[in-house]
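Input: a single structure, listed below in structure tokens.
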Amino acid sequence: MSSSTPFQTNSKVIKWIEARLPIISTIDGALVSYPAPRNLNYWWNFGSLAGFMLVAQIVTGIILVMHYTPHVTMAFASVEHIMRDVNYGWLMRYAHANGASMFFVVVYIHILRGLYYGSYKAPRELLWWLGIVIFLLMMATGFMGYVLPWGQMSFWGATVITNLFGALPLVGGDIVTWLWGGFSVDNATLNRFFSLHYLLPFVICAVVFLHLWALHTTKSSNPLGIEIKGDQDTVPFHPYYTAKDAFGLSVFLMFFAYWVFFNPNALGHPDNYIEANPMVTPAHIVPEWYFLPFYAILRAVPDKLGGVLAMGGAIVILFFMPYLDFSKVRSAKFRPIYKQAFWLFVLDGILLGYVGAMPAEGIWILVGRIASVYYFAHFLVIVPLISWFEKPLPVPESIAKAVLGDAAKA
Amino acid sequence: MATSSSAGHDAHGSGQATRRDFLYVATVGLGAVAVGATVWPLIDQMNPAADVLALSSTEVDLSKIAEGQGITVQWRGKPVFVRHRTEKEIKEAEEVPLAELRDPETDDARVKAGKKQWLVMVGVCTHLGCIPLGQQGDYDGWFCPCHGSHYDSSGRIRRGPAPLNLPIPEYQFLSDTKIKIG
Amino acid sequence: MSPFKIGAAALLALGLGAGVAQASEGAHMEKLDWSFNGAFGTFDRAALQRGYQVYKEVCASCHSMKYLSYRNLQDIGFSEAEVKALAAQYEVPALDEVGDPTTAKAKPSDRFHSPFPNELAARAANGGALPPDLSLMGKARVGGPDYIHALLTGYHEAPAGFVLPEGKEYNAVFPGNAIGMPKPLSDDQVTYADGTKASLEQMSRDVSTFLMWAAEPKLEDRKRAGVKVMGFLGLLTIFTFLTYRKVRRKVQGH
């Protein structure tokens, strides 16, 4: 069985189409005959899961828009209308709200998988960067989506985050006014957030397309971190990975369904069931859980502009990963020290998330600062140093040899 | 996927092939059921919501409508004509031979027994949805200004492009002076 | 930094007092075994109807429930005729024949009658404090129904040394412990239509159940659907796994 048979057909209709628009062979090359490394493990499921979540969010989102009213006097009531009166409206809204969390769960695992297995290294730098762009767009989309129900957390989250731009020297104040379209978060703000919240997912789709294009040019990385050397190293995407992705999707859907059907408000905040009130701030403002690590970094810096720069830097630094890590070996499987540093980094991220949820007082200020410094040290000091002195384990000759043993026919 | 089977599984027994086929078909079938079950809520959400359905019946007090007068009430977003007909109008409506009608229907079939004076109908022209004007046209009934359809005193189409009589909504008399439409 | 500065400034400016931030911590809130808990939970219809009676006779004199309509009461076991009669006890604004404002009997499709015409009137009648709308109270507080129950049963003498601001009462779970709402429920405050003894505990549980239903009327639909979805996904997972295993063997064995 050759794993990369070029697309062939006897159908006259398909031949006619192919001669004019090679769309069927393109789909075939991407999802059917695409030669995927034969050794991908379950961590590689999360790319297709992210794609599924993007589509699920767009579908539920378009439906919610059919019933939602983007106006400060009616937004909150229209969400209640969805929850109480619209047929299956509760399902649509809970699937969309929890879907945002699921999307981030999947994407965080997808990013961490890339960091662990060195998926960012040459020749996949562009693939990695496009992924970070998607992540940034997701953050913007998620943030603006959270504002739309116009609850207390929506309003005050929008106020706090837009105020971050006020830290910019000279033009900060003007920019915040421009973002708001007024002198506080108000109807103009809600409307533009709604517009952009609807737009950005389609921009994400476009970047996902580029992401996949880059992927299919460089081919998938794999747990061994060695390049595909021939047909014996790959299997056709279909049926091998379509079946595996279907299985992964089923398991993931159970996780998703648990939140939607049995704990739909656990990932949200009770204050968002109180209509926005510009005169009263909730006692404890927290962003959605997926922003908490970055929120902790923001608060760790005792200076407004510095905090904003640190928070932005925490994401921007990911762009430099292909150069900060210059080890010749890609996968952490053969990098004993990098592997440990990776897990410490994950722990640091979880700790930052926890600190982000705590009030900024007492011991949490110190913990947050140490964890933030460690976050940057990981990228700027630890990773380059490890690249320098670490002695990697021997790397197998080929994927086929490692997977099938010497019995493999070359 | 650490384990690998040796290269000897090409020959499948027929029993195995059957089981595999069953598995594929069953899995794909289940997947199709999942998609179907997911699609239904996505479609049903566009049907009228509970608050819309709650407004789908309207009660009308008839006591203030004098003979020869009518009112228009809103029901499900559409105008409903409620007319207290005169003896003359009733008589005219009853005397029309069915053969003359484009959409043959007796006047009795369009009113409630014993309440012939009350004509209740949806005031939307059956041609293209305009609202006909009352007590106009050539048949002592309604006239649609959009394309010139004439309806008689029973709301039946007599002349013009409209194909059907003005429809009678579902309604019932709650008392002699009160009806519930819907 | 900044969010808390903004938040604190706003709180102080409004005179809502300090201590709100740390107050919710530490207060004892009993976790009750509600019938609607768990994957198979349902609302107790009798408790819902009693809870509605408590709301109607006690809470409704100050608290609105603006996202509920009388027709919703059919979900908790009232008949169409009963709902119609309940609605007819209230007047809603309307116009008479000549366009002058008047009132008409409420219909089942009308929203619950609000005790005050607007926020200013509500504040003016309650010493400057706004009695919150109760439509979503079951979800708008940490603890939900447990919090409501604990709040209603949490009125005690202020402990020694606690300075109670004028016009406030001591409450064990209310953030800051000084609550503007006078103790709303005491034994036998209402006479239950079904003969249940109206103890403070009973009424608190009933009204908490009612408010949870009001906040999440689709809870039963959701959980019922969830059980089915989970069962189906379990089956789908088994089948997709078996298929994947089969494909893996085939592809590996070439």
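The values are calculated or read from the model by the stated rules, or taken from the named source; none is laboratory data. Bear in mind the structure is a predicted one, so any value in this text is a computation, not a measurement. We place every Cβ from the backbone using ideal geometry, glycine too, and count neighbours over all the protein chains shown. Please note that ligands, DNA and RNA were not included when accessible areas were found on the heavy atoms of the full protein model with its side chains. Shrake-Rupley method; radii C 1.70, N 1.55, O 1.52, S 1.80 Å.
Pairs linking a residue in region C:165-177 that is away from chain A (no Cβ under 14 Å) and touching a residue at least 12 places away in the same chain (Cβ under 8 Å) to a residue that is of a type in the set (Asp, Glu) and assigned to a loop (DSSP other than H, G, I, E, B), with Cβ atoms under 8 Å and 6 or more positions apart or on different chains, are C:Tyr170/C:Glu157. Within region B:169-180, residues that are farther than 15 Å from B:Ile71 by Cβ reach partners that are open to solvent by less than 60 Å² (accessible area, probe 1.4 Å) and in a loop (DSSP other than H, G, I, E, B) with beta carbons closer than 6 Å, at six or more positions or on different chains, in the pairs B:Lys180/B:Ser57.
Residues of region C:156-171 include none that is under 27 Å from C:Tyr67 (Cα atoms) and among the aliphatic types (A, V, I, L, M). Residue under question is B:Gly123, and the condition is that it be modelled with pLDDT of 90 or more and touching a Ser or Thr at 6+ places or on another chain (Cβ under 8 Å); does it hold? Answer is yes for this residue. In summary, C:Leu151 fulfils each of the numbered conditions (1) without any contact (Cβ under 8 Å) to a residue 40 or more places away in the chain; (2) surrounded by fewer than 20 Cβ atoms within 10 Å (Cβ to Cβ) with the single exception of condition (2). Does region B:50-92 hold any residues that are open to solvent by 90 Å² or more (accessible area, probe 1.4 Å), within 13 Å of chain C (Cβ to nearest Cβ) and without any contact (Cβ under 8 Å) to a residue 12 or more places away in the chain, and which are they? Those that are open to solvent by 90 Å² or more (accessible area, probe 1.4 Å), within 13 Å of chain C (Cβ to nearest Cβ) and without any contact (Cβ under 8 Å) to a residue 12 or more places away in the chain: B:Leu53, B:Lys64.
For region C:210-221, a residue qualifies if it is surrounded by fewer than 21 Cβ atoms within 10 Å (Cβ to Cβ), part of a helix (DSSP H, G or I) and within 8 Å of chain A (Cβ to nearest Cβ), and exactly one does: C:Asp221.
Being under 30 Å from A:Ser154 (Cα atoms) and not aliphatic (A, V, I, L, M) is a condition met by no residue of region A:25-37.
If you go through region C:184-234 and pick out every residue that is β-branched (Val, Ile, Thr) and under 30 Å from A:His81 (Cα atoms), you end up with 4.
Of all the listed residues (C:Val20, C:Val58, C:Val54), the sole one being modelled with pLDDT under 95 and of a type in the set (A, V, I, L, M) is C:Val20. Name the residues in region C:70-120 that are in contact with a Pro (Cβ under 7 Å, 6 or more places away or on another chain) and open to solvent by 70 Å² or more (accessible area, probe 1.4 Å), would you? Matches in region C:70-120: C:Asp75, C:Lys84, C:Pro93, C:Leu95, C:Pro101, C:Thr103. Whenever a residue of region A:188-199 is at pLDDT 95 or above, its partners that are small (Gly, Ala, Ser) and open to solvent by 40 Å² or more (accessible area, probe 1.4 Å), lying with C-beta atoms within less than 9 angstrom and at least six residues away or across chains, give the pairs A:Ala188/A:Gly181; A:Thr189/A:Gly181; A:Asn191/A:Gly181; A:Arg192/A:Gly181. Within region A:267-283, the residues that satisfy the criterion of being part of a loop (DSSP other than H, G, I, E, B) and either more than 17 Å from A:Ile82 (Cα to Cα) or more than 7 Å from chain C (Cβ to nearest Cβ) (or both) are A:Leu267, A:Gly268, A:His269, A:Ala276, A:Asn277, A:Pro278, A:Met279, A:Val280, A:Thr281, A:Pro282, A:Ala283. Looking only at residues of region A:238-266 that are more than 8 Å from chain C (Cβ to nearest Cβ) and open to solvent by 40 Å² or more (accessible area, probe 1.4 Å), we find that the one that is farthest from C:Phe40 (Cα to Cα) is A:His238. Taking the listed residues A:Leu170, A:Leu212, the one that is closer than 19 Å to A:Phe103 by Cβ and either open to solvent by 60 Å² or more (accessible area, probe 1.4 Å) or of a type in the set (Ser, Thr, Tyr) (or both) is A:Leu212, with no other qualifying.
When C:Ala172 is tested against (1) aliphatic (A, V, I, L, M); (2) surrounded by 23 or more Cβ atoms within 10 Å (Cβ to Cβ); (3) out of contact with any Asp or Glu (no Cβ under 9 Å at 6 or more places or on another chain), just one condition goes unmet, and that condition is (2). For region A:217-232, the criterion of being surrounded by 17 or more Cβ atoms within 10 Å (Cβ to Cβ), within 7 Å of chain C (Cβ to nearest Cβ) and in contact with a strand residue (DSSP E or B) (Cβ under 8 Å, 6 or more places away or on another chain) is satisfied by no residue at all. Being surrounded by 14 or more Cβ atoms within 10 Å (Cβ to Cβ) and either at pLDDT 95 or above or touching a strand residue (DSSP E or B) at 6+ places or on another chain (Cβ under 7 Å) (or both) holds for only one residue in C:Met203, C:Met181, and it is C:Met203.
Only one of these is part of a helix (DSSP H, G or I), in contact (Cβ under 8 Å) with a residue 24 or more places away in the chain, open to solvent by less than 30 Å² (accessible area, probe 1.4 Å) and in contact with a Leu (Cβ under 6 Å, 6 or more places away or on another chain): A:Val346, A:Val403, A:Val383, A:Val308. Name it. Testing whether each residue is part of a helix (DSSP H, G or I), in contact (Cβ under 8 Å) with a residue 24 or more places away in the chain, open to solvent by less than 30 Å² (accessible area, probe 1.4 Å) and in contact with a Leu (Cβ under 6 Å, 6 or more places away or on another chain) leaves just A:Val383. Out of region C:227-246, which residues are open to solvent by 40 Å² or more (accessible area, probe 1.4 Å) and small (Gly, Ala, Ser)? C:Gly231 - this is the single residue of region C:227-246 that is open to solvent by 40 Å² or more (accessible area, probe 1.4 Å) and small (Gly, Ala, Ser). Please determine, by comparing only the residues of region A:73-128 that are within 23 Å of A:Tyr338 (Cβ to Cβ) and open to solvent by less than 10 Å² (accessible area, probe 1.4 Å), which one is farthest from the other protein chains (Cβ to nearest Cβ). Out of the qualifying residues, it is A:Tyr120.
Here A:Tyr323 meets the list (1) more than 18 Å from A:Leu112 (Cβ to Cβ); (2) open to solvent by less than 40 Å² (accessible area, probe 1.4 Å); (3) part of a helix (DSSP H, G or I) almost entirely, failing just condition (2).
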